[in-house]
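Visitor: The structure is given below, and queries will be raised subsequently.
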Amino acid sequence: MIRYFQNRRVVLGVAFAIGIVAVFLFVLFNYSVYRDVANCYAVLAREFAAGNYAGAFHPSLPPLNTTLAGLLAAAGITPLTALTLVSGAFFILTIFPLYGFLQRFLSPLAAAWGCVLYVTAPKVIRFGGTGLLESARNFFIVSALYFFFRCRDGAGWKSALLFGVSLGGMSLARGEGIALAGLLLVLFVAEFRRKHRASGRWRKSLFRLTAIAAFSFLAVIAPRLWQNYCAVGFPSTDDRLVIGLRQRLATGTPYRAPAGSAAPLRERFEYAGKVAGDNLRGAYEPYFALAVLGIILTAAGVRRRTLFGAALPPGGWRAEYGVLAALMAGAFLIFFFSVSAYRYYTVNLIYLMMFNMYALSWLLELLKRHRAGFLVPAGVALLICGNFWNVWTFLAEEEPRREYELGSWLRSQSGLFAPDGRRPVAFSGDVVVWYFTGFDRINEIEKPKPDFFNRRDYDLIILDAEDGRLDRVLSTPDFEEVPGPHPDIARIFRNRNRSFHE
């Protein structure tokens, strides 16, 4: 049976099967909804499905996943399921460009096993199965890298065209994508010049390929640029980048310090430490440890061919490593000057995967010499099983199910809040429970929460059980608490003085 797993086609088939099973596990059993999905992405998909296109495209939120999910939702699928299917599809499709990209560094069989490691990483599965945007971003980044190096090595206009399309997909998938796309274009010019400057006619080829890539890139994002220009007065794929740039230009730094104060410098170092920690968590700690070993072995390969009797990976610096390091540094700076979360860095798994495979190949050869080679496949199998156990424990968490039950119960009680048969309007202090109700709300996406004490244009309040405003709500005669299931999750209040005519 082991010989089957020495066939790259079989291994790639296993990778696809794992990806498909993982996505359908989330479609069938997942109740966990991230706040960004409930508060933003599912709302935009729902509005698109309802034909409210003015409310389906927000200037601060990337449109790719929500638009594709809106198309599925228009066919009758719930917005959450639609987002899961879209995100899951990008998660599975990443295998195609990842396999091609890894073959620059690895044998076809090792590249196929790298794809297996990618699709079994629990953080990649989790974010691909919960409707978030990272899987689409990862797909387009690795696609862009694949065509980047094909163009650099002399491929024709088709690769340049697809390189530009991939850059456009990056820009529409996540807000920082356009910045990384610009960085990749600059790196392409530098890399092409470095590799071909010894030839006499490299400038003409560089101009042609760069022009094709830039044109296709702009063609993909042009509708979004025009849309945001009409909405906010500036052509951008995500107006948060424009807002952030204006703030940085106005203040000069992300922190404004009182004269003589050392605190902001300490805060900068602390936040830099957080961003570095998020990078490590995004790369998935067991894989990151393997990658570190692979980097050490690669560095050792500069001076010797074997270590402890096992062959080392090719030593020395490769230009490809520089491109990947520049992308990681660019992402670090972007999120240092904005907001960082570890899920933003799952793409580090792709950047470091060849080093994971270097380490595993070296360990396999070393242990074979001691008649213990079986330990490496056994360890990989154990790691993959542990990864899936991690995913299953996430799916089996009790609190998301209770949030779903509370939201469903509220939906069944809609007549209590809106006796005239219309859809109730809520203030959603707990956006996850609110999402499961299917109600409307007075909150606006990406806006500060409204002061619901001074408004009457809503029927009920959904507050997290630990919300600091609970005491004030309980002491206000206008609000009547509605007993419901799971009060430790959220508290429900009916607005007795609702009015939609003020």
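Visitor: Which condition number in (1) within 22 Å of Ala42 (Cα to Cα); (2) open to solvent by less than 30 Å² (accessible area, probe 1.4 Å); (3) in contact (Cβ under 8 Å) with a residue 40 or more places away in the chain; (4) out of contact with any helix residue (DSSP H, G or I) (no Cβ under 7 Å at 6 or more places or on another chain) is the one that Ala418 fails?
Guide: (1)
Visitor: Could you check the range 268-279 and list, in sequence order, the residues that are touching a residue at least 60 places away in the same chain (Cβ under 8 Å) and either in contact with a His (Cβ under 6 Å, 6 or more places away or on another chain) or surrounded by 14 or more Cβ atoms within 10 Å (Cβ to Cβ) (or both)? Spell out the reasoning first.
Guide: Here is the first cut: in the range 268-279, the residues touching a residue at least 60 places away in the same chain (Cβ under 8 Å) are 271-272, 274-275, 277-279.
Correct list: Tyr271, Lys274, Val275, Asp278, Asn279.
Visitor: What are the residues in the range 136-151 that are open to solvent by less than 10 Å² (accessible area, probe 1.4 Å) and in contact with a Phe, Trp or Tyr (Cβ under 7 Å, 6 or more places away or on another chain), if any?
Guide: Ala136, Val142, Ala144, Leu145, Phe148, Cys151
Visitor: If you don't mind, there's one more thing I want to ask. Condition (residue is closer than 21 Å to Leu327 by Cα, open to solvent by less than 20 Å² (accessible area, probe 1.4 Å) and in contact (Cβ under 8 Å) with a residue 40 or more places away in the chain) applied to the range 218-230: is it met by at least one residue?
Guide: Step one: list which residues in the range 218-230 are closer than 21 Å to Leu327 by Cα, which gives 218, 221.
Then drop every residue that is not open to solvent by less than 20 Å² (accessible area, probe 1.4 Å), which leaves 221.
Among the residues that remain, those that are also in contact (Cβ under 8 Å) with a residue 40 or more places away in the chain are: 221.
There is at least one residue in the range 218-230 that is closer than 21 Å to Leu327 by Cα, open to solvent by less than 20 Å² (accessible area, probe 1.4 Å) and in contact (Cβ under 8 Å) with a residue 40 or more places away in the chain.
Visitor: Moving on to the next point. Can you tell me which of Gly164, Gly128 is surrounded by 24 or more Cβ atoms within 10 Å (Cβ to Cβ), small (Gly, Ala, Ser) and either under 18 Å from Tyr284 (Cα atoms) or in contact with a His (Cβ under 7 Å, 6 or more places away or on another chain) (or both)? Reasoning before the result, please.
Guide: Numbers: Gly164 fails: either under 18 Å from Tyr284 (Cα atoms) or in contact with a His (Cβ under 7 Å, 6 or more places away or on another chain) (or both).
Answer to the selection: Gly128.
Visitor: Report, ordered by the first and then the second residue, all pairs with beta carbons closer than 7 Å, sequence separation of six or more or different chains, a first member in the range 367-387 that is open to solvent by less than 90 Å² (accessible area, probe 1.4 Å), and a second member that is not in a helix (DSSP H, G or I).
Guide: Once the first residue is open to solvent by less than 90 Å² (accessible area, probe 1.4 Å) and sits in the range 367-387, its partners that are not in a helix (DSSP H, G or I) give Leu367/Gly373; Ile384/Thr120; Asn387/Thr120; Asn387/Ala121.
Visitor: Let me ask something else. All but one of (1) β-branched (Val, Ile, Thr); (2) open to solvent by less than 10 Å² (accessible area, probe 1.4 Å); (3) part of a loop (DSSP other than H, G, I, E, B) hold for Val473, so report the exception by its number.
Guide: Condition not satisfied by Val473: (3).
Visitor: Only one of Gly131, Gly76 is touching a helix residue (DSSP H, G or I) at 6+ places or on another chain (Cβ under 6 Å) and not in a helix (DSSP H, G or I); which? Working first, answer last.
Guide: Values: Gly76 fails: touching a helix residue (DSSP H, G or I) at 6+ places or on another chain (Cβ under 6 Å).
Matching residue, one of Gly131, Gly76: Gly131.
Visitor: Could you please give the count of residues in the range 23-72 that are small (Gly, Ala, Ser), in a helix (DSSP H, G or I) and under 27 Å from Ala396 (Cβ atoms)? Quick ask: steps written out before the conclusion?
Guide: Filtering the range 23-72 down to residues small (Gly, Ala, Ser) leaves 32, 38, 42, 45, 49-51, 54-56, 60, 69-70.
In the following step, the residues that additionally are in a helix (DSSP H, G or I) were identified as 38, 42, 45, 49, 54-55, 69-70.
Adding the requirement that they be under 27 Å from Ala396 (Cβ atoms) leaves 38, 42, 45, 69.
Residues meeting the conditions: 4.
Visitor: May I ask you to verify whether Leu187 is within 22 Å of Gly330 (Cα to Cα) and assigned to a helix (DSSP H, G or I)?
Guide: Working: within 22 Å of Gly330 (Cα to Cα): yes; assigned to a helix (DSSP H, G or I): yes.
The answer is yes for Leu187.
Visitor: Additional query: Consider the range 10-55. How many of its residues are crowded, with 20+ Cβ neighbours inside 10 Å and without any contact (Cβ under 8 Å) to a residue 60 or more places away in the chain?
Guide: 5
Visitor: What is the one condition in (1) open to solvent by 50 Å² or more (accessible area, probe 1.4 Å); (2) in a loop (DSSP other than H, G, I, E, B) that Tyr404 does not satisfy?
Guide: With (1) open to solvent by 50 Å² or more (accessible area, probe 1.4 Å); (2) in a loop (DSSP other than H, G, I, E, B) applied to Tyr404, the lone miss is (2).
Visitor: Here is a follow-up. Report, by residue number, each residue of the range 358-387 that is among the aromatic types (Phe, Trp, Tyr) and at pLDDT 85 or above.
Guide: Applying the first criterion (among the aromatic types (Phe, Trp, Tyr)) to the range 358-387 yields 358, 362, 374.
Residues satisfying the conditions are Tyr358, Trp362.
Visitor: Condition first: within 28 Å of the chain's Cα centre (by Cα) and modelled with pLDDT of 90 or more. Can you find one or more residues in the range 296-311 that meet it? Lay out the reasoning, then the answer.
Guide: Taking the range 296-311 as the starting set, the residues that turn out to be within 28 Å of the chain's Cα centre (by Cα) are none.
No, the range 296-311 contains no residue that is within 28 Å of the chain's Cα centre (by Cα) and modelled with pLDDT of 90 or more.
Visitor: Give me the residue from the range 476-502 that is assigned to a strand (DSSP E or B) and either under 39 Å from the mean Cα position of the chain (by Cα) or not charged (D, E, K, R) (or both) and, out of that set, surrounded by the fewest Cβ atoms within 10 Å (Cβ to Cβ). Full working, then the answer.
Guide: In the first step, residues of the range 476-502 are kept if they are assigned to a strand (DSSP E or B); the result is 479-481, 490-495.
Add one more test, that the residue is either under 39 Å from the mean Cα position of the chain (by Cα) or not charged (D, E, K, R) (or both), and what stays is 479, 481, 490-495.
Details: Phe479: 19, Glu481: 14, Ala490: 26, Arg491: 23, Ile492: 25, Phe493: 22, Arg494: 16, Asn495: 22.
Filtering the range 476-502 for residues that are assigned to a strand (DSSP E or B) and either under 39 Å from the mean Cα position of the chain (by Cα) or not charged (D, E, K, R) (or both), the one surrounded by the fewest Cβ atoms within 10 Å (Cβ to Cβ) comes out as Glu481.
The values are calculated or read from the model by the stated rules, or taken from the named source; none is laboratory data. Small disclaimer: the values here were computed from a predicted structure and weren't measured. Neighbour counts are summed over all protein chains in view; Cβ atoms, including those assigned to glycine, are modelled from backbone coordinates with ideal geometry. Side chains included, ligands, DNA and RNA excluded: accessible areas come from the protein's heavy atoms. Shrake-Rupley method; radii C 1.70, N 1.55, O 1.52, S 1.80 Å.
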